[in-house]
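The values are calculated or read from the model by the stated rules, or taken from the named source; none is laboratory data. Given the structure is predicted, the values throughout are model-derived calculations rather than measurements. Cβ coordinates were reconstructed from backbone atoms using ideal geometry, including for glycine residues, and neighbour counts include every protein chain displayed. We work out accessible area using only protein heavy atoms, side chains counted, and drop any ligands, DNA or RNA first. Shrake-Rupley method; radii C 1.70, N 1.55, O 1.52, S 1.80 Å.
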Amino acid sequence: MTEQRLRCCVCGRDTFDATDYVHLELTAQHVDTRQFLGAHAECLNGVLAQGFTVEVHLM
């Protein structure tokens, strides 16, 4: 996992100071590699199928 914030994979804008930053890790069966994506939750909510939403909980 990267400690560095990634650009939003939806809009391409910087996420440096975004309060709704989401870090996604994608894996596939039978493959050892992982793909990391960063995004604004608002951008993800704009492209997800109906019924799916992203919520951000600060920890």
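Looking at region 10-19 only, could you name the residues that are in contact (Cβ under 8 Å) with a residue 24 or more places away in the chain, within 17 Å of Leu58 (Cβ to Cβ) and open to solvent by less than 100 Å² (accessible area, probe 1.4 Å)?
Scanning region 10-19 gives a single hit, Thr15.
Across region 25-48, what is the number of residues that are part of a loop (DSSP other than H, G, I, E, B) and either under 20 Å from Leu58 (Cβ atoms) or of a type outside the set (Ser, Thr, Tyr) (or both)?
7
Kindly indicate which of Val54, Val22 is open to solvent by less than 50 Å² (accessible area, probe 1.4 Å), outside any loop (DSSP other than H, G, I, E, B), of a type outside the set (Ser, Thr, Tyr) and out of contact with any Gly (no Cβ under 6 Å at 6 or more places or on another chain). Quick ask: steps written out before the conclusion?
Working: Val54 fails: outside any loop (DSSP other than H, G, I, E, B).
When all the criteria are applied, what remains is Val22.
State all residues of region 25-51 that are open to solvent by less than 60 Å² (accessible area, probe 1.4 Å) and either of a type in the set (S, T, N, Q) or closer than 17 Å to Glu3 by Cα (or both); if no residue qualifies, say none.
Passing the criteria: Phe36, Leu37, Gly38, Ala39, His40.
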